[in-house]
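Notes for the one structure printed next.
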Amino acid sequence: MEENMLLKLLQKNARMEMTDLAAALDESEENVKNKLTELERNKVICGYHTIINWDKTNTETVTALIQVNASPEREYGYDRIAERIYKFDEVDTMYLLSGEFEFVVIVKGKTMHEIAHFVASKLACADGVSGTTTFFVLKQYKNNGVILKEDEDGKNARLVVTP
């Protein structure tokens, strides 16, 4: 079975029916179910998520991207510092990066004040953290490949490219 093809199909549409997955992969449903179970057990598939455009709901939510500067620890590098940070409930996503800062942390909260309080009272004073810079998301246009803003005609058509 083409494992990468299965993963790409699920990444694009995690709600794809088992019969459709089996047909697309030219495999039996039983083989696909077994492969999915194996991928989940091995933490290749770590979850199935829904992309929500919170701007179209009555729920207030604030997202912030926080640059974090840190100093690596002998024998552990950045891993123990990262673990201290990503274990906070407020942290949605975290990446180690190359460049001027070590981590980017994506935090979600109900208000800007709530996120600011998290940064000041938990994140900035965490062992190994030497500085933070917070950016609040003002508007979301695209999330995980999904365009969230419709064009004037109600579609998300791409521009025609001509030579």
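Scanning the range 21-45 for residues that are open to solvent by 80 Å² or more (accessible area, probe 1.4 Å) and either outside any loop (DSSP other than H, G, I, E, B) or within 29 Å of LEU138 (Cβ to Cβ) (or both) turns up GLU30, LYS33, ASN34, ARG41. Assessment of the range 131-146 against the conditions (of a type in the set (Gly, Ala, Ser) and closer than 28 Å to LEU9 by Cα) yields at least one matching residue. Count of the range 107-134 residues, restricted to those that are modelled with pLDDT of 95 or more and open to solvent by 100 Å² or more (accessible area, probe 1.4 Å), is 2. Evaluated against (1) hydroxyl-bearing (Ser, Thr, Tyr); (2) modelled with pLDDT of 95 or more; (3) open to solvent by 70 Å² or more (accessible area, probe 1.4 Å), THR50 falls short on exactly one condition, (2).
One residue stands out among those in the range 96-111 that are out of contact with any helix residue (DSSP H, G or I) (no Cβ under 9 Å at 6 or more places or on another chain) and part of a strand (DSSP E or B): the one that is nearest to PRO72 (Cα to Cα), which is VAL104. Scanning the range 31-72 for residues that are hydroxyl-bearing (Ser, Thr, Tyr) and free of Cβ contacts under 8 Å to residues at least 60 places away in the same chain gives THR37, TYR48, THR50, THR57, THR59, THR61, SER71. Screening ARG80 with (1) within 22 Å of MET112 (Cβ to Cβ); (2) part of a helix (DSSP H, G or I) gives one miss only, at (1).
The values are calculated or read from the model by the stated rules, or taken from the named source; none is laboratory data. On a predicted model such as this, the values are computed, not experimentally measured, just so you know. Note: ideal-geometry Cβ built from the backbone for every residue, glycine included; neighbour counts use all protein chains shown. For the accessible areas, the whole protein counts, side chains as well, though only heavy atoms, and no ligand, DNA or RNA atoms are used. Shrake-Rupley method; radii C 1.70, N 1.55, O 1.52, S 1.80 Å.
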